[in-house]
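Notes for the one structure printed next.
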Amino acid sequence: MILSLGSQTNHPIKTTKGLDMTVTSFLPSNYEVPVSTGGNYFKKKEGANRLRMISHVVTGFSYWTDDKKCIRSQKPIKGIPSDIGSDQDGKQNKVKHFWACLIWDYADSKIKIWEIEQATIQTKIANLALNDEWGDPREYDLLVTYKKSAPAAQMYDISPCKEKPLSQEQNDSIANSEISIDAWYEKATGGGWSNKARDEEDHDLTADELHKKYKFQSTEALCLWAVTFTQMSETEIRNKIAEMQSETKDSDGNPVIDPETQRPRTMMIPFLEWAKVTTTKPSSEDIPF
């Protein structure tokens, strides 16, 4: 059945957001499709992209699987991973050396993570950092020009801009930002333990020796290590950590004093001892790289 709207006269329709919508306009006359910003990640656009690097650079190695999952490691990945994927032309993906840092994206005035896999970009920024006339890239803006149709060697151009201090808005945003490149790095690479926590050596160490080896500074770091070491789920590990943390305080929330050391009880060593008896020592075939 076809419904006739009669004449093409514009009839205003009341909307809750005050947009100027009429019967003959499918969308509000002042509507614009939001531009995707890629969340916390910097997504380059065709043409010039102005940005400021605002953190140190962390480095590692990564590759993509067929299910579009990026696997990252702090250490070099030896050989060809069994789960490495292929590109759209069927060619096997490559393990790449990556950089990552925080940047200020002038396009929308936000702090983002810039993950750099392109060797041409890495080389050009490194050359600027080593150049006496330019130096530390955190002291000036960069223009990253992207030409999608250009040959690979000419696809990216990096141009330094005149040195200038960060604005008050930028400094305030940086001071209040919850994005940490070090926290991202630890999470993205499994704390660097994807290649270490399943080493046979770890299973021969005592809890005290493990603590000295890794110098765990937070329960987050401890959790990342334990997930790889025990091969248990992150939820299971976090629940165990929470359980052991609760045992370090009494019913009033005060620290429990260890009778042997006469110091507040901690859960670090007991947790490591628990992890050691929870998992089995891997064979050489179990080690992924």
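Any read-out appearing in this document is the output of simple, stated calculations on the displayed coordinates, not a laboratory observation. Note that the structure is a prediction, hence the values are computed from the model and not measured. Note that each Cβ is placed from the backbone with ideal geometry, even for glycine, and that neighbours are counted across all protein chains shown.
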Pairwise label distance in nanometres, THR206 with GLU260, each label 7 Å out on the Cα-Cβ vector: 1.0
Placed amide H near ASN49: partners under 5 Å, 5+ positions off or other chain: VAL144, THR145, TYR146
Residues whose placed amide H lies under 5 Å from that of ILE54, excluding near-sequence neighbours: LEU102, ILE103, TRP104
Estimated vicinal HN-Hα couplings, Hz - segment 170-183 in sequence order (Karplus 6.51, -1.76, 1.60; Gly, Pro = x): 5, 4, 5, 5, 5, 5, 9, 6, 9, 8, 10, 5, 5, 5
Projected label distance in nm at THR145 and GLN88, using a 7 Å step from Cα toward the beta-carbon: 2.5
Integer Hz, Karplus 6.51/-1.76/1.60 couplings in order for segment 105-116, x for Gly and Pro: 8, 5, 4, 9, 6, 10, 7, 9, 8, 10, 9, 10
Inter-probe distance in nm under a simple model that places probes 7 Å from Cα toward Cβ, at ALA129 and ILE179: 1.9
Residue-wise HN-Hα coupling along segment 130-143, computed from phi with Karplus coefficients 6.51, -1.76, 1.60 (Hz; x: Gly, Pro): 8, 7, 4, 6, 10, x, 3, x, 6, 9, 7, 7, 10, 9
Global geometry of segment 47-172, whether rounded, prolate or oblate, following the gyration tensor of its Cα atoms and the 1.5 cut on a/c: prolate
Segment 96-170: trypsin sites (Lys or Arg not before Pro) falling in loop per DSSP and having at most 14 other Cβ within 10 Å: LYS147, LYS148, LYS162
Ranked list, fewest to most other Cβ atoms within 10 Å of each Cβ, for THR145, THR230: THR145, THR230
